[in-house]
Every structure is written in C-alpha cells, then in structure tokens.
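To keep things clear, I will list the structure first and then write my remarks on it.
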C-alpha cells in the first residue's frame, strides 16, 4: 500500500501547488521559466503515475474488500469511460460544443472516470486510488470554476467530431490492450 500512497502524493504534489501554495508555484516558474516548470511538473507527475500503477497492482491482490459493487457497475463504468475519454479529448481540441458547454471537460472526465471505477471495484486499493482522484476532481473543478478566467467560446463542430473520434479510438485501445497491461485486469 505504501507505494500506491507514495505515488498519489508524488502525483498530486505538483497538481496542488496552484491551489494550495500559489506563491511557491509562481516562484518556481519565475526561476525555471514556464517550460522548465512544466518539464519538472510533467516528470514528477509521470514518476507519481508509475508509482501509482505499480503500487495499485502490488496492493490490489491483498486489499480488503470494503463493499460489494453492484452487478451493473461494470457496465456503467464501460459507458462512463467512453464518455470520459471523449471529454478528455475535447479539452485539447478546438472548442466545440462539448468544451464550450462544460468549460472544464478534463476535470469532468476525471470525476466520471473515478466515480465509474468506484462502481466497478469495491476493494481498498481501488477505493484509495479512485477515491483520491474523485475528491481531487471535484475539488479542482470547484476551484477552477471560481477563477476569474474568460469563458471558452464555441469555435467549430470539428472539435467535437475530433474528440468523439479520438475518444472512440482510445476506448478501443484501452479496452482491448492497455487496461490489462496497466491495471493487470483485462476487460475482454
């Protein structure tokens, strides 16, 4: 369990600096430049993700079962993942209706991803992993929506079409291959 928790701490440390210690983030950006800050942010986040994956895979076989997920939870999660991957994709596309409506589709996707996985998994390792991401996603979405930033305006439906196409491709890749490789749990 220690590796999973350490991975979550390492992963979320840079993600929380803007919300919890903005002066530290601003000072680091001033010293390193935006590119340097983003580089370190990315490397630390990647190290956290690696620890999370290995920690979850190590802890999950021995993790206590805390609740019995509903029988329909897995099916809802599969649909939720398709929606989440489309939303995540829309965050990096020209603003279509999805992005213009949600404003923060990536955080919405994190919330859907984590809540869906809590419906499909009732073990302690999953609760720690997906529960942490769910709390962070909700908290971040609340903080981000309060910031005084201009609204994202609709640009083109091409952003939505691209997000849907990429979301479908990612869903297939994850379902057929990547989920089993990363999580150690094959979906098919």
Testing residue 26 on (1) modelled with pLDDT under 95; (2) surrounded by 15 or more Cβ atoms within 10 Å (Cβ to Cβ), one condition comes back false. Which one is that?
(2)
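Based on this model, can you work out whether residue 14 counts as touching a residue at least 60 places away in the same chain (Cβ under 8 Å), more than 22 Å from residue 179 (Cα to Cα) and either assigned by TED's automatic domain parsing to the domain that holds residue 126 or out of contact with any strand residue (DSSP E or B) (no Cβ under 9 Å at 6 or more places or on another chain) (or both)? Lay out the reasoning, then the answer.
Details: touching a residue at least 60 places away in the same chain (Cβ under 8 Å): no; more than 22 Å from residue 179 (Cα to Cα): yes; either assigned by TED's automatic domain parsing to the domain that holds residue 126 or out of contact with any strand residue (DSSP E or B) (no Cβ under 9 Å at 6 or more places or on another chain) (or both): yes.
Here the answer is no, as residue 14 does not meet what is asked.
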Which residue pairs have Cβ atoms under 9 Å apart, sit 6 or more places apart or on different chains, and have a first residue in segment 93-106 that is outside the structural domain of residue 142 (by TED's automatic domain parsing) and a second that is part of a loop (DSSP other than H, G, I, E, B)?
none
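Under the condition of being farther than 19 Å from residue 75 by Cα and modelled with pLDDT under 95, which residue from segment 160-188 is surrounded by the fewest Cβ atoms within 10 Å (Cβ to Cβ)?
Start the filter on segment 160-188 by keeping residues that are farther than 19 Å from residue 75 by Cα, which leaves 160-166, 181-182.
Filter once more, keeping what is modelled with pLDDT under 95: 181-182.
Values: 181: 10, 182: 14.
Among those residues, the one meeting the criterion is 181.
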If residue 71 satisfies all but one of (1) at pLDDT 95 or above; (2) surrounded by fewer than 14 Cβ atoms within 10 Å (Cβ to Cβ), what's the number of the condition it fails?
(1)
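Given the structure, is residue 56 at pLDDT below 95, closer than 19 Å to residue 110 by Cα and in contact with a helix residue (DSSP H, G or I) (Cβ under 9 Å, 6 or more places away or on another chain)? Explain how you work it out, then say what you get.
Details: at pLDDT below 95: yes; closer than 19 Å to residue 110 by Cα: yes; in contact with a helix residue (DSSP H, G or I) (Cβ under 9 Å, 6 or more places away or on another chain): yes.
In short, yes.
The values are calculated or read from the model by the stated rules, or taken from the named source; none is laboratory data. Since we're looking at a predicted model, the values are computed, not measured. Note: ideal-geometry Cβ built from the backbone for every residue, glycine included; neighbour counts use all protein chains shown.
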